[in-house]
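Colleague: Okay, handing you the structure first.
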2 protein chains.
Amino acid sequence: MADFSKTATGRGYNAPMRFEADIDDCEVVGKLPSDLDGAFFRVGGEWYYPPLSPDDAPLNSDGFISSFRFKSGKVDFHNRWIHTHRFEEQRKARRQLYGNYRNPYTDDPSVRDPLHPNLRTVSNTAPVVHAGKLFSLKEDGLPYQIDPNTLATKGTWDFQGKWKSQTFAAHPKIDPLTGEMIALGYEATGLLSDDVFIYTIDKSGSVKREVRIKQPYVSLIHDMAITHKHIILPFGGYVTSKERLAEGKVHWGWDQTKPSYIGVLPRDGDAKDLRWFKGPERCMMHVFNAHTEGNKVILYAPFYDSNFFPFFPPIDGSPWNPAKARAFIRKITLDLDSKSDGWQEEILWPTQVVDLGKVDPRVVSLQSRYLYTSYSDASKPYDRDASGPGAPARTNNSYMRFDIATGKVESLFAGPTHNLQELSFVPRGRGEEGVGYIVGVAANYAEMRSELIVADAQRLGEGEIARVILPFRLNSQVHGVWADAKELPFK
Amino acid sequence: MADFSKTATGRGYNAPMRFEADIDDCEVVGKLPSDLDGAFFRVGGEWYYPPLSPDDAPLNSDGFISSFRFKSGKVDFHNRWIHTHRFEEQRKARRQLYGNYRNPYTDDPSVRDPLHPNLRTVSNTAPVVHAGKLFSLKEDGLPYQIDPNTLATKGTWDFQGKWKSQTFAAHPKIDPLTGEMIALGYEATGLLSDDVFIYTIDKSGSVKREVRIKQPYVSLIHDMAITHKHIILPFGGYVTSKERLAEGKVHWGWDQTKPSYIGVLPRDGDAKDLRWFKGPERCMMHVFNAHTEGNKVILYAPFYDSNFFPFFPPIDGSPWNPAKARAFIRKITLDLDSKSDGWQEEILWPTQVVDLGKVDPRVVSLQSRYLYTSYSDASKPYDRDASGPGAPARTNNSYMRFDIATGKVESLFAGPTHNLQELSFVPRGRGEEGVGYIVGVAANYAEMRSELIVADAQRLGEGEIARVILPFRLNSQVHGVWADAKELPFK
């Protein structure tokens, strides 16, 4: 019996969702573009049973996937739990068996298995679509394959046995020119290992290359970037140890004395060709894009000054510092000709903190002009009085397109009681960067419901084209992806 | 595409629900009684597409059924649309095709069929369980059989061709001693007909008796009562006509000049044995119970002084009068020895308006002591400020047990932001009246969600035993029923 009344999980807007739902022909305000044929998939976490400990990280909640299937001017919605090994075990036991975030030593003895930490994955981070398959990912386990129509979980996927890492990080990159997917697994050979395996998977879904490298220190390589020549591996600050796991702590703590690193590996190179650049304290969670110009790699990324996650606290006992948990759009130049192991960094929009971002997937690995992200536009109103319980102190109220060439920002204000989750880019037209739609989910605290916004990516300033109204609150999304009709076997 | 933005349907808490959901192992506060093995089914309406006219009655919305399946101290929730003929036709057309409440002349020409008005039924009024089957009912059509596990619609049911009425009213009564179900259909031979067919269906589900009668005037016989000797048929005030249907109006209007009637038919009698008693203006929607004492029939019913439904307006053009739309617990005595066609009426609790009520199903047809209903206890607080959009001006905040023998009221306050829907009685123990549980759904406007309350029917004053927390707003229930595990083929 699920009793959340005594736990630290949210209430009000953030209360556990706990249901699977289907909506055919959703309510829509405005008119959906008739050329939208495909689906927006989003993955996040939801506690099925309350966490065992109040110290646990929200990132440890059970994987939950939603889809908005657009076709013929209508949209259908579905959501389902991701039936991981762990989820099935807990459903059988009718209670939470697994303990703190990526710490198997805190698990119930009936399932405790530190030698196979990937059995603990909740697969709650990101959907990815490649070679006709839809996967849900989390960096501590293998991908789970998901049926794109029913959202039923089909089981883990190891690429016909060719994926040798125990883990698969949540942000593989797909080369729009070759169709290849470049992906990595860190802690690849087991809990706390410094092994990182990097794979190139061809457009048919077969593993083509494997490179095995070591990290300077064991840390999370959450995201990565690719250029047409290089693979970029950023990380920094988060540390773990056998001791902290033995103490029952969550996997990561923050060590402000640790340098950040960005690895650059030629796509046709081997471990010996890897070069690590070294930088100051940085929390490197996500990237926008990268490209190679001669012997320089240019990386655009919304890196944080320091630790973003309060639930991965500093290991020196100091309090989490929200003032340093701010991300800016950074342009990082890695000069492969340089003798120095440092990099050049420029903040492109120093006055504005931004959040999770995307580029047009057709320019991934290539020089790109536009970055898309959400942010909190302080010039816009927030009607907290009209908002229901659980509304936050501030909201990400706007989506924006940042023009690298001009520094110009065009933005869309979602509403005075709205908070935006990560957007996705829907490419349209003949391949010109930026032609397409932005789709993303907004929380509406006044109506205690979620709404999907569809906007013209070239006309964000004109407001949305349509808004899909859900009759309930959606769970907290981590990442999402758009899949065109031709990319998956949709019914 | 469903666009509700321009319609008169509710928003906020009352916004269209539009989704089907499943929750295994619902969140529960408190501890569910381990002897609860069965399900609480509830039926109501939800617009799948917006109504064609703002004048339409909410009672014309599409049937929607929910279940709370209790077993082994846990509860699972499901809800589904009822796939009536009409629902399927509209889903195919992807728009609302059917017009105003029980007026086929307002339907789209593609489906208009005044000769078969029962094809228009939305089956949105009440679930009933008999002879191992679960049905959803509405008085303008045949029952739809529902799978008690999946809530899938199995089609209409006409009792092996023996049910000859085109309609089946939503409140058949089940005799706890014989297992018989007594049921009626009015407008039995077609739109506007004054034919009423009354059936006795034995405990195996076979039609045993049919009696065909005429009404004094065509009006809705929404509910009925049975005693161990008599069938009781109350109605009053609502009228219809070919003219009002031709004008495109909803089926019923209120005629304050019309008398109310209560028919008394011996259970073993024929049409010639029917006796109509006649009374003043009354809106006779629901009954609690009735019994026969010698040659007197005693009926307990929460009848209204006048028209309860604003959307069935007075035919004389006068405004709907909320002050007269109030129900009290009435004791009505029908003396079969009397030469007069009038009845005696006593209001048992004149200071308190009540709402939909129930008795312990083991005393239906017999002399009963306890009446259970919800009401608005003005001594309790209503925190409208803490409530979200769509919260009403006042709430039914309490369930109560009324003791006919002593006039004593014991009540349970659901909360300062709560509004109660109809309760159901769950019998327990060896058959003593009143031993069991009360279950019912509350709207919680603060959290914008619904909650199922489980209380000991003998200890309402001590508060609930447990509360099942749903993570969303439920649709507006009309009626509900408890089915014990042995009554239906539960998985």
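Colleague: Report whether or not A:Lys339 is in contact with an Asp or Glu (Cβ under 9 Å, 6 or more places away or on another chain) and of a type in the set (D, E, K, R).
Modeller: No.
Colleague: Just one of (1) out of contact with any helix residue (DSSP H, G or I) (no Cβ under 9 Å at 6 or more places or on another chain); (2) surrounded by 16 or more Cβ atoms within 10 Å (Cβ to Cβ); (3) without any contact (Cβ under 8 Å) to a residue 60 or more places away in the chain trips up B:Asp194, so point out which.
Modeller: B:Asp194 satisfies every listed condition except (2).
Colleague: Among the residues of the range B:230-252, count how many are charged (D, E, K, R), in contact (Cβ under 8 Å) with a residue 40 or more places away in the chain and out of contact with any strand residue (DSSP E or B) (no Cβ under 9 Å at 6 or more places or on another chain).
Modeller: First pass over the range B:230-252, keeping only residues charged (D, E, K, R): B:242-244, B:247, B:249.
Those still in the list that are in contact (Cβ under 8 Å) with a residue 40 or more places away in the chain too: B:242, B:244, B:249.
If we keep only those that are out of contact with any strand residue (DSSP E or B) (no Cβ under 9 Å at 6 or more places or on another chain) as well, we get B:242, B:249.
Residues meeting the conditions: 2.
Colleague: Going through B:Val435, B:Val478 one at a time, which residue ends up being away from chain A (no Cβ under 14 Å), β-branched (Val, Ile, Thr), touching a residue at least 12 places away in the same chain (Cβ under 8 Å) and surrounded by fewer than 20 Cβ atoms within 10 Å (Cβ to Cβ)? Don't jump to the end; show me each part of the working.
Modeller: Details: B:Val478 fails: surrounded by fewer than 20 Cβ atoms within 10 Å (Cβ to Cβ).
Matching residue, one of B:Val435, B:Val478: B:Val435.
Colleague: Looking at the range A:230-259, which of its residues are of a type in the set (A, V, I, L, M) and within 25 Å of the chain's Cα centre (by Cα)? Outline the logic, then answer.
Modeller: If we filter the range A:230-259 for residues that are of a type in the set (A, V, I, L, M), which is where we start, we get A:231-233, A:239, A:245-246, A:250.
Answer for the range A:230-259, where residues must be of a type in the set (A, V, I, L, M) and within 25 Å of the chain's Cα centre (by Cα): A:Ile231, A:Ile232, A:Leu233, A:Val239, A:Leu245, A:Val250.
Colleague: So which pairs qualify, if the first residue must be in the range B:201-219 and more than 21 Å from B:Val128 (Cα to Cα), the second must be loosely packed, with under 14 Cβ neighbours inside 10 Å and of a type in the set (Asp, Glu), the Cβ gap must be under 8 Å, and the two must be at least 6 apart or on different chains?
Modeller: B:Val211/B:Asp270
Colleague: Filter the range B:197-214 for residues that are among the polar types (S, T, N, Q) and surrounded by fewer than 19 Cβ atoms within 10 Å (Cβ to Cβ) and give the result.
Modeller: Kept after step one, since they are among the polar types (S, T, N, Q), are these residues of the range B:197-214: B:200, B:204, B:206.
If the condition is that a residue be among the polar types (S, T, N, Q) and surrounded by fewer than 19 Cβ atoms within 10 Å (Cβ to Cβ), then B:Ser204, B:Ser206 are the ones that fit.
Colleague: Given B:Asp55, B:Asp37, which one is away from chain A (no Cβ under 11 Å), touching a Lys or Arg at 6+ places or on another chain (Cβ under 7 Å) and surrounded by fewer than 24 Cβ atoms within 10 Å (Cβ to Cβ)?
Modeller: Exactly one of B:Asp55, B:Asp37 is away from chain A (no Cβ under 11 Å), touching a Lys or Arg at 6+ places or on another chain (Cβ under 7 Å) and surrounded by fewer than 24 Cβ atoms within 10 Å (Cβ to Cβ), namely B:Asp37.
Colleague: Select, from B:Ser165, B:Ser136, the only residue that is assigned by TED's automatic domain parsing to the domain that holds B:Pro313 and among the small types (Gly, Ala, Ser). Don't jump to the end; show me each part of the working.
Modeller: On the way: B:Ser136 fails: assigned by TED's automatic domain parsing to the domain that holds B:Pro313.
One residue alone meets the criteria, B:Ser165.
Colleague: Here's another thing I want to ask about it. Looking at the range A:365-400 only, could you name the residues that are without any contact (Cβ under 8 Å) to a residue 12 or more places away in the chain and of a type in the set (S, T, N, Q)?
Modeller: A:Ser379
Colleague: Still on this structure, I have one more. Tell me, which residue of the range A:129-163 that is touching a His at 6+ places or on another chain (Cβ under 9 Å) and buried (at least 24 other Cβ atoms within 10 Å of the Cβ) is nearest to A:Val43 (Cα to Cα)?
Modeller: Applying the filter and picking the extreme gives A:Leu137.
Colleague: Additional query: Tell me which of these B:Trp349 doesn't satisfy, since it passes every other one: (1) farther than 26 Å from B:Val239 by Cβ; (2) part of a loop (DSSP other than H, G, I, E, B); (3) in contact with a Lys or Arg (Cβ under 9 Å, 6 or more places away or on another chain).
Modeller: For B:Trp349, the failing item is (3).
Colleague: A further question follows. Going through the range A:20-51 one residue at a time, which ones are without any contact (Cβ under 8 Å) to a residue 60 or more places away in the chain and out of contact with any helix residue (DSSP H, G or I) (no Cβ under 7 Å at 6 or more places or on another chain)? Talk me through it step by step, then tell me what you get.
Modeller: Initially, the range A:20-51 is screened for residues without any contact (Cβ under 8 Å) to a residue 60 or more places away in the chain, giving A:22, A:24-25, A:34, A:47-51.
The answer is A:Asp22, A:Asp24, A:Asp25, A:Ser34, A:Trp47, A:Pro50.
For (1) modelled with pLDDT of 95 or more; (2) not charged (D, E, K, R); (3) not assigned by TED's automatic domain parsing to the domain that holds B:Ser476, each residue gets a yes or a no:
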{"position": "B:Leu356", "(1), (2), (3)": "no, yes, yes"}
{"position": "B:Val359", "(1), (2), (3)": "yes, yes, yes"}
{"position": "B:Gly390", "(1), (2), (3)": "no, yes, no"}
{"position": "B:Asn444", "(1), (2), (3)": "yes, yes, no"}
{"position": "B:Ile453", "(1), (2), (3)": "yes, yes, no"}
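Colleague: Taking the options A:Gly263, A:Gly248, name whichever one is over 25 Å from A:Tyr375 (Cα atoms) and either acidic (Asp, Glu) or assigned to a loop (DSSP other than H, G, I, E, B) (or both).
Modeller: Numbers: A:Gly263 fails: either acidic (Asp, Glu) or assigned to a loop (DSSP other than H, G, I, E, B) (or both).
Being over 25 Å from A:Tyr375 (Cα atoms) and either acidic (Asp, Glu) or assigned to a loop (DSSP other than H, G, I, E, B) (or both) holds for just one of A:Gly263, A:Gly248, which is A:Gly248.
Colleague: For the range A:451-468: of the residues being within 13 Å of chain B (Cβ to nearest Cβ) and surrounded by fewer than 24 Cβ atoms within 10 Å (Cβ to Cβ), which is farthest from the chain's Cα centre (by Cα)?
Modeller: Going through the qualifying residues, I end up with A:Ala466.
Colleague: Sticking with this structure for a sec: Just to be sure, is B:Phe64 touching a Leu at 6+ places or on another chain (Cβ under 8 Å) and either away from chain A (no Cβ under 11 Å) or assigned to a loop (DSSP other than H, G, I, E, B) (or both)?
Modeller: On the way: touching a Leu at 6+ places or on another chain (Cβ under 8 Å): no; either away from chain A (no Cβ under 11 Å) or assigned to a loop (DSSP other than H, G, I, E, B) (or both): yes.
So B:Phe64 fails the test.
Colleague: Exactly one condition in (1) touching a His at 6+ places or on another chain (Cβ under 8 Å); (2) in a loop (DSSP other than H, G, I, E, B) is not met by B:Asp22; state its number.
Modeller: Result: B:Asp22 fails condition (2) only.
Colleague: State which residue pairs qualify: first residue in a loop (DSSP other than H, G, I, E, B) and inside the range B:68-96, second residue buried (at least 21 other Cβ atoms within 10 Å of the Cβ) and of a type in the set (Asp, Glu) in any location, beta carbons under 9 Å apart, and separation of 6 or more residues or different chains.
Modeller: Cβ pairs passing all conditions: B:Ile82/B:Asp62; B:Thr84/B:Asp62.
Colleague: Restricting the search to the range A:310-357, which residues are out of contact with any helix residue (DSSP H, G or I) (no Cβ under 8 Å at 6 or more places or on another chain), surrounded by 16 or more Cβ atoms within 10 Å (Cβ to Cβ) and more than 26 Å from A:Tyr370 (Cα to Cα)?
Modeller: Result: A:Phe312, A:Pro313, A:Pro314, A:Trp320.
Colleague: List the number of the failed condition for A:Arg401; all other conditions in (1) assigned to a strand (DSSP E or B); (2) over 26 Å from A:Met17 (Cα atoms); (3) in contact with a Gly (Cβ under 7 Å, 6 or more places away or on another chain) hold.
Modeller: The single condition A:Arg401 does not satisfy is (3).
Colleague: If you don't mind, another one. List the residue pairs whose Cβ atoms are under 9 Å apart, where the first residue sits in the range A:127-140 and is without any contact (Cβ under 8 Å) to a residue 24 or more places away in the chain, the second is charged (D, E, K, R), and the two are 6 or more positions apart or on different chains.
Modeller: Every condition considered, no pair remains.
Colleague: Among the numbered conditions (1) within 14 Å of chain B (Cβ to nearest Cβ); (2) farther than 28 Å from A:Leu137 by Cα, tell me where A:Arg430 comes up short.
Modeller: (1)
Colleague: In the range B:12-25, which residue that is more than 7 Å from chain A (Cβ to nearest Cβ) and farther than 16 Å from B:Asn60 by Cβ is surrounded by the most Cβ atoms within 10 Å (Cβ to Cβ)?
Modeller: Narrowing the range B:12-25 to residues more than 7 Å from chain A (Cβ to nearest Cβ): B:13-14, B:24.
Checking which are farther than 16 Å from B:Asn60 by Cβ leaves us with B:13, B:24.
On the way: B:Tyr13: 22, B:Asp24: 18.
Among residues in the range B:12-25 that are more than 7 Å from chain A (Cβ to nearest Cβ) and farther than 16 Å from B:Asn60 by Cβ, the one surrounded by the most Cβ atoms within 10 Å (Cβ to Cβ) is B:Tyr13.
Colleague: Same structure again: Within the bounds of the range B:88-96, is there any residue that is at the interface with chain A (Cβ under 9 Å from one of its Cβ atoms) and surrounded by 21 or more Cβ atoms within 10 Å (Cβ to Cβ)?
Modeller: Going residue by residue through the range B:88-96, those that are at the interface with chain A (Cβ under 9 Å from one of its Cβ atoms) are B:91, B:94.
In the following step, the residues that additionally are surrounded by 21 or more Cβ atoms within 10 Å (Cβ to Cβ) were identified as none.
Taking every residue of the range B:88-96 in turn, none turns out to be at the interface with chain A (Cβ under 9 Å from one of its Cβ atoms) and surrounded by 21 or more Cβ atoms within 10 Å (Cβ to Cβ).
Colleague: Looking only at the range B:219-245, which residues are assigned to a loop (DSSP other than H, G, I, E, B), of a type outside the set (S, T, N, Q) and surrounded by fewer than 22 Cβ atoms within 10 Å (Cβ to Cβ)?
Modeller: The answer is B:His222, B:His228, B:Lys229.
Colleague: Only residues that are part of a loop (DSSP other than H, G, I, E, B), of a type outside the set (A, V, I, L, M, F, W, C) and under 17 Å from A:Leu366 (Cα atoms): list them for the range A:287-313, please. Steps first, please.
Modeller: Within the range A:287-313, the first condition is being part of a loop (DSSP other than H, G, I, E, B), and the residues that meet it are A:287-288, A:294-295, A:302-303, A:305-313.
Narrowing the set further to residues that are of a type outside the set (A, V, I, L, M, F, W, C) leaves A:294-295, A:302, A:305-307, A:310, A:313.
Those that are part of a loop (DSSP other than H, G, I, E, B), of a type outside the set (A, V, I, L, M, F, W, C) and under 17 Å from A:Leu366 (Cα atoms): A:Gly294, A:Asn295.
The values are calculated or read from the model by the stated rules, or taken from the named source; none is laboratory data. Keep in mind that what you see is a predicted model, and the values were worked out from it rather than measured. Positions of Cβ are backbone-derived with ideal geometry, glycine not excepted, and every protein chain shown enters the neighbour counts.
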